[in-house]
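In what follows, a single structure is set out as structure tokens and then discussed.
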Amino acid sequence: MNSDSVAMTDLSGKMHKPETVCIFGTGDFGRSLGLRLLQSGYSVVYGSRAPKNSLLLPKGSKVMTHAAAACDAHVVFVAVHREHYGFLSSLASDLEGKVLVDVSNNLKRGLYPESNAEYLSRLVPGATVVKAFNTISAWALQSGGLDANRQVLICGDCADAKQQVVDIAQSLGFTALDRGSLRAAAELEDLPLQLFPLWRLPLNIAICLTAFIFFYALTRDVIYERVTNGKDIAFRIMISLANKAFPIVSLVMLSLCYLPGALAGFLQLYNGTKYRRFPDWLDRWMLCRKQLGLLALAFGFLHVLYTLVIPIRYYVRYRINVYTISLVKDNNTYEFDNTAAWRYDSYYSMGILGFGLFVLLGITSLPSVSNSLNWREFCFVQSKLGYITLLLCTAHTFLYGWDRFLKPASYRWWMPPAYMLSLVVPCVVLILKLILITPCVDRNVTRIRQGWERQGKISANGRDTKTNHPLIA
């Protein structure tokens with residue numbers, strides 16, 4: 001695209017000269033930003049310390065010295081690292097009245113006592129500094145935001161300057177979110193340094209649960225057999241024990257997605273109002289429910305894959321051959337058990353239906369799908385179908401265990417089977433939900449969530465909600 005041929009057309013059809021944007025910095029981000037600006041109809045001029053050596057810039061852009069480039073544009077993107085800001089102080093007169101957009105980030109948190117944007121504002125006091133585009137990568141600019149983050153976070157002290165940056169962001173196809181004054185720049189600069197902040201708690205829960213269940217099953221199955229019977233069945237660690245841990249972790253984590261919602265309902269009943277804050281731990285728990293659910297689905301997928309390989313395992317084929325040969329030698333017949341047939345068919349059916357709904361929950365949690373649903377549809381899938389999924393998966397586990405909990409031989413070293421541990425949290429969640437959906441309780445919860453408050457209830461500030469008088473003189 002040639003900058004000389006680009007023209008902007010307003011609503012009246014009149015042609016006017018395209019706006020010029022200056023970019024200090026010819027690195028990956030500066031080149032990607034310039035190309036995107038050119039594609040959006042802007043005229044782009046680069047400021048470089050060595051204009052003659054800048055050969056990889058987008059076609060249609062201009063390159064000149066920093067001082068000359070600053071004179072051609074009102075908005076200047078500073079796409080250089082903080083360590084190289086020194087040259088800007090010598091351009092203070094050229095940058096007077098300009099809007100400087102700081103796009104820089106640091107290598108680690110707390111590296112400097114003040115944010116890069118605030119430091120830039122001190123270096124060039126005559127310019128207006130806006131922090132923006134630091135959470136957008138060069139790849140997002142090149143791909144058009146279709147496969148990356150489309151949100152540009154902006155902060156600054158001048159509303160007019162921020163609006164100019166918002167207009168540029170929107171013209172590039174991004175959405176802009178105002179995060180306040182320039183004092184918020186430090187927070188914005190820390191965002192790209194965070195590594196899956198919402199996934200830390202769910203990942204820690206998943207790792208701890210997996211380790212606990214795995215070593216619990218290892219003790220009951222492998223170590224117990226070695227100590228009591230002298231059998232070495234350590235080979236079962238790879239498939240059998242893993243296939244015990246994965247479904248248990250999946251079911252427990254699915255339950256943990258719905259437990260905070262049930263607890264929140266009982267807290268609202270206890271407080272008699274929805275205007276009282278939940279405890280911080282419950283807030284944090286509720287914020288990571290999506291991540292808990294996706295990890296639970298991942299463990300469910302692992303359980304399905306591990307189950308599919310069971311028929312081709314050497315150990316399984318060996319046991320089948322030995323059993324078949326023993327029947328032939330003893331001239332015995334394997335009698336058909338109608339109860340066992342019902343049990344196994346029901347067990348597989350519950351598992352298939354539960355996993356199918358589980359996958360549906362995961363699909364609807366994707367932004368591209370959830371954005372196409374209205375609130376009622378989203379709640380129906382994630383809440384009502386979610387509880388049905390939990391019920392089916394719990395029934396699947398009950399059918400797996402059947403009557404083993406009644407047999408003393410199942411309690412090795414007084415340790416119950418691992419599947420029994422997985423039923424504790426789901427049963428608690430289902431019982432709490434059953435209480436909440438009973439008509440008398442559901443009516444009160446619905447009224448509270450619609451704004452009703454119990455009379456005479458103590459509010460968070462220690463005043464009576466009916467009279468608004470302090471309870472303690």
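Taking region 179-204 as the range and being surrounded by fewer than 20 Cβ atoms within 10 Å (Cβ to Cβ) and farther than 20 Å from Y119 by Cα as the test, the residues that pass are Q194, L195, F196, P197, L198, W199, R200, L201, L203, N204. Restricting attention to region 52-68, the residues being open to solvent by less than 40 Å² (accessible area, probe 1.4 Å) and farther than 15 Å from F87 by Cα number 5.
Residues of region 294-315 include at least one that is open to solvent by less than 80 Å² (accessible area, probe 1.4 Å) and touching a Leu at 6+ places or on another chain (Cβ under 6 Å). The condition of being aromatic (F, W, Y) and either touching a strand residue (DSSP E or B) at 6+ places or on another chain (Cβ under 8 Å) or open to solvent by less than 50 Å² (accessible area, probe 1.4 Å) (or both) does not hold for Y270. The residue that is farthest from G41 (Cα to Cα), among those in region 146-166 that are acidic (D, E) and modelled with pLDDT of 95 or more, is D157.
When each of T394, T389, T438, T364 is tested for being more than 18 Å from V252 (Cα to Cα) and open to solvent by less than 30 Å² (accessible area, probe 1.4 Å), the lone residue that passes is T364.
Selection of helices (runs of 4 or more DSSP H) fully inside region 369-466 by the criterion of at least 3 residues being at pLDDT 90 or above and aromatic (F, W, Y) returns 386-401. Summed over region 106-135, the residues that are buried (at least 16 other Cβ atoms within 10 Å of the Cβ) and over 23 Å from A70 (Cβ atoms) give a count of 2.
The values are calculated or read from the model by the stated rules, or taken from the named source; none is laboratory data. It should be emphasised that the depicted structure is a prediction, and the values quoted were computed from it without experimental measurement. Note that we place each Cβ from the backbone using ideal geometry, even for glycine, and neighbour counts take in every protein chain shown. Surface areas here come from the heavy atoms of the whole protein model, side chains and all, with no ligands, DNA or RNA. Shrake-Rupley method; radii C 1.70, N 1.55, O 1.52, S 1.80 Å.
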